[in-house]
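Novice: First the structure, then my questions, so here it is.
Rule-based calculations on the coordinates, nothing more; no lab input. Note that the structure is predicted; figures quoted are calculated from it, not measured. All Cβ positions, even for glycine, are placed from backbone atoms using ideal geometry, and neighbour counts span all protein chains on display.
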Amino acid sequence: MSYVALYRKYRPATFDEVIGQDHIINTLRNQILQDKVSHAYLFTGTRGTGKTSTAKIFARAVNCPHVKEHNGNPCGKCSVCNTVGNANLDIIEMDAASNNGVDYARDIREKVQYPPVNGRYKVYIIDEVHMLSVGAFNALLKTLEEPPKHAIFILCTTEVHKIPATILSRCMRFDFRLVPTPELAKLVAHIYDAEGKEYAPEAVTAIAQAGEGSVRDCVSIADRCLSVSDDKLEYADVLSVLGVSSKNSIVALARAIFANSPSDILTEINKLVTEGKDIARLNKDLSLYIRDVLTAKVCKDANSILMLPQDAFATLREIAETVSVKKLLYAIDRFVSAEASLKYALSPLMLFEATALSVASSSGDVDAEGLDRRLTRLEQQYSQTKETRSLYVVDKTDPKSVWRGVKMQIDEQNEPLLNGVWSDVKVSFDAQGNFVVRCSDGAYWLIENKFKKRLTACVAMFCDGKLIVEQDDGSSQTEIDKQLSALGKDVKFD
Ligand SMILES: Nc1ncnc2c1ncn2[C@@H]1O[C@H](COP(=O)(O)OP(=O)(O)OP(=O)(O)O)[C@@H](O)[C@H]1O
Ligand SMILES: [Mg+2]
Ligand SMILES: [Zn+2]
């Protein structure tokens, strides 16, 4: 018999075998047990997370007469459950990627009217439904609007944004999630047990991590690892299958970066490149490794998350001791940003080397956190100055306080020429309550010629009397006087 890929061999046949989608499975199971199934479903979510498998299980379960005894699962023994492929006339599976025309949708519309052959329901599974043409969607919409009682539609897609809103609103939608690593690891272990393959636990965790949430990807990697050796599957075997840049060189590179040793950095990079490692892959592996160092640094029980072999974890801890959290965050930030630029770089190698060298020599100060802190400080300072201005309460009986109030009004309007005036004057109230400003020649001249109107208006805000400006003969020459005599008094304003 020819070899059957693991992901097909272990395709779940019951709801119990679907992992990581409890929120969906529980609802579907209850609907079946309570006889409350809907007429249209939309299964969406990342590839390889169980959409098609769940649709197939559901299609069998609605017609299997023994579901109640099996907690909502298809029994797997009756004629409904046991038909292979398209032999079950009540389950119609279509791939919209190859049949996307309007004729096909019309054909469904006609045939859906005929009652089911064996069971209670006729179930249409339309996979990759986003591939349907506009005309086909419209034809399908007509069917979804008034489906016969015996019809159930399950639309599956990874690209829900391509489905017209009119279709979406008629479907009960379920979002399939990425499956967490521990659940993937459990599945891989279960498959290897069933296959009689021995394995190291770290090897299985590495496979689960590489699946990045997709069950199909994860099971395919497990499949590839099966053939690496006939003996027990080790962590290193998995790494060799994944083509991860050899772990030891990555460790050496990380060490060199955090020791700020440029020659070691360039030597290690050169070594990896001559081994034929792809720069983008190298950049990704290094980022992941630094992330692990950070985990070892900040988490008490880090290895329960990382699940590394003891010696690998000890090395990680040792590197973590030599570097600050701040610098680790900075390094991750830089290498992750470099990931995008590498695609367009004329020389990815040069960019990678430069990033590594600059991370090595940096103190990590210019991290996002640092910038954020600085920004907050500036904002606080700014709002404080604003507050002191607006919060200043003028004491109308104190001429100095009135003058300060006036100054604030003018200040807002940014008058550099007046800068010298504020301190060069003596202010007081006269017997009639007028506000008297005594000032030097220059200031007098300046006020009379340019600011009288505005100062008058401002003074009026704080006292009932008039503004009187007087020349203070006794005053010595001030800075303004000197400046003005240098300019010549016939200088014109406005
Ligand atoms: N939640 C899951 N539980 C158990 N096995 C799963 C799950 N999801 C996927 N698999 C495995 O991956 C294979 C593919 O799954 P399936 O075809 O259901 O994914 P899909 O979400 O329809 O993917 P695609 O978006 O690529 O169509 C299955 O045969 C099964 O081995
Ligand atoms: Mg699918
Ligand atoms: Zn059955």
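Novice: Which trypsin sites (Lys or Arg not before Pro) in the range 275-360 pass both tests, a DSSP loop state and at most 15 other beta-carbon atoms within 10 Å?
Specialist: Lys300, Lys343
Novice: The range 105-134 to the range 65-85: how many Å between their Cα centroids?
Specialist: 21
Novice: Full extension from Asp103 to Asn260: what is 0.36 nm times the residue separation minus their Cα-Cα distance, to one decimal in nm?
Specialist: The Asp103-Asn260 span can extend by a further 49.9 nm.
Novice: Something else now. How large is the helix-only mean residue ellipticity at 222 nm for the chain, computed as the sum of -39500 (n - 2.57) over DSSP H runs with n ≥ 4, divided by its residue count, in deg cm²/dmol to the nearest 500?
Specialist: My calculation for the chain gives -16500 deg cm²/dmol from helical runs alone.
Novice: Between Ala200 and Tyr392, how high is the FRET efficiency from 1/(1 + (r/R0)^6) when r is the Cβ-Cβ distance and R₀ = 60 Å? Nearest 0.05.
Specialist: With R0 = 60 Å, the Cβ-Cβ based efficiency is 0.25.
Novice: How large is the Rg to Rh ratio of the range 6-176 when both quantities use alpha carbon positions and Rh follows Kirkwood?
Specialist: In the range 6-176, Rg relative to Rh is 0.93.
Novice: Under 10 Å from the Cβ of Ile265, count the other residues' Cβ atoms, weight Lys and Arg +1, Asp and Glu -1, and hand me the total.
Specialist: Charge balance in the 10 Å sphere: -2.
Novice: Given 0.36 nm per residue, what is the gain on full extension from Ala431 to Ser79 after removing their alpha carbon distance, in nm?
Specialist: Roughly 115.4 nm would be gained on extension.
Novice: Once fully extended, how much extra length lies between Met408 and Gln34, figured as 0.36 nm per residue of separation less the alpha-carbon to alpha-carbon distance?
Specialist: Gain in length upon complete extension: 127.1 nm.
Novice: A further question on this structure: Can you give me the Cα centroid spacing of the range 419-448 and the range 199-273 in angstrom?
Specialist: Using only Cα atoms to place each centre, the spacing works out to 81 Å.
Novice: Identify the GluC sites (Glu not before Pro) of the range 116-176 meeting these criteria: DSSP loop state and at most 12 other C-beta atoms within 10 Å of the C-beta.
Specialist: Sites meeting the loop and neighbour criteria: Glu159.
Novice: Additional query: Putting +1 on Lys and Arg Cβ atoms and -1 on Asp and Glu Cβ atoms, find which of Gly196, Gly135, Pro180 reaches farthest to the positive end of the dipole of the chain.
Specialist: Highest projection toward the positive end goes to Gly135.
Novice: Tally Lys and Arg at +1 and Asp and Glu at -1 over the other residues with C-beta under 9 Å from the C-beta of His23: what net charge comes out?
Specialist: -1
Novice: Can you pull a Stokes-Einstein diffusion coefficient for the chain at 4 °C (1.567 mPa s), Rh from Kirkwood over Cα pairs, as a whole number of µm²/s?
Specialist: Taking Rh from Cα pairs, D becomes 43 µm²/s.
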